[in-house]
Amino acid sequence: MSKELVEHLSQISSLSTEAVSALTSIIHTQQVRKNQDIQQIGQTCKTLYFLKSGLARIYYFHAGNDITEGFYGPFCLIARAESLFAGLPSKKAIQVLEDAEVWSISTKDLFALYDSHRDIERLFVRLFELAYVQTIQRIENLQFHTAEERYQLLMNDQPEVLRRAPLKFIASYLGITQVSLSRIRARRT
């Protein structure tokens, strides 16, 4: 089952046959139920996740409000990097929004492969670089775009989120109320 993930990752950065075998050996698969947190607030991130199927989000609470930081579909790297690299408990959680099949990789096992498989290290450096760029784009979208423009960007980049995620999570992701989201949606129909 994990071969499917490794084949996808190999398209991002090439992997030797030995690296494919080593990486495949540390990938675990699990079934996760709808609305279940696969990492909770207060845990230190020590696992990387990829969805085979389903939809997930990273969220946190601010002033008592549930805020969605990002949505993740199949084959997207899901991690709380600020916790992973600082080694500190996270103020964010990872939640699966639909019944999902999830691939998980222990960072301890992954980092142990870096010295003997530089191509695995290059692959994950590339994945973290891509995630960093997405984070910067997200910050810039919130700073420089109107709510309507942010909605359009979400529609262009992740249309499945608009069909599958609860409206309250979409609204919090866009930095608006559900009422404002309803108005934007009504104007577009």
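The values are calculated or read from the model by the stated rules, or taken from the named source; none is laboratory data. These numbers were taken from a predicted model, which means no experiment stands behind them. Cβ: placed from backbone, ideal geometry, glycine included. Neighbour counts: every protein chain shown. The protein model used for the area step is the full one, side chains on, heavy atoms only, and it has no ligands, DNA or RNA in it. Shrake-Rupley method; radii C 1.70, N 1.55, O 1.52, S 1.80 Å.
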Exercise for the section: Run down 57, 122 and say which single residue is at pLDDT 95 or above and more than 18 Å from residue 157 (Cβ to Cβ). Expected result: 122
Problem - Residues of region 133-180 satisfying the condition of being open to solvent by 50 Å² or more (accessible area, probe 1.4 Å) and among the basic types (Lys, Arg) - result: 163, 164, 168
Completion exercise
Within region 146-175, the residues that are in contact with a Leu (Cβ under 9 Å, 6 or more places away or on another chain) and assigned to a loop (DSSP other than H, G, I, E, B) are 165, 166, 175
Completion exercise
Exactly one of 104, 21, 83 is part of a strand (DSSP E or B), among the small types (Gly, Ala, Ser) and more than 12 Å from the chain's Cα centre (by Cα), and that residue is 104
Exercise for the section: Tell me which of these residue 128 doesn't satisfy, since it passes every other one: (1) touching a residue at least 60 places away in the same chain (Cβ under 8 Å); (2) of a type outside the set (D, E, K, R); (3) within 22 Å of residue 52 (Cα to Cα). Expected result: (1)
Problem - Subset of region 58-82 [small (Gly, Ala, Ser) and surrounded by fewer than 19 Cβ atoms within 10 Å (Cβ to Cβ)] - result: 63, 64, 73, 81
Completion exercise
Going through (1) among the aliphatic types (A, V, I, L, M); (2) under 19 Å from the mean Cα position of the chain (by Cα); (3) surrounded by fewer than 16 Cβ atoms within 10 Å (Cβ to Cβ) one by one, residue 55 fails only at (3)
Practice task
List the number of the failed condition for residue 66; all other conditions in (1) touching a residue at least 24 places away in the same chain (Cβ under 8 Å); (2) on the phi > 0 side of the Ramachandran plot hold.
Solution key: (2)
Practice task
Looking only at region 181-189, decide whether some residue is open to solvent by 40 Å² or more (accessible area, probe 1.4 Å), among the aliphatic types (A, V, I, L, M) and modelled with pLDDT under 95.
Solution key: yes
Problem - Condition check for residue 14: open to solvent by 50 Å² or more (accessible area, probe 1.4 Å) and free of Cβ contacts under 8 Å to residues at least 12 places away in the same chain - result: no
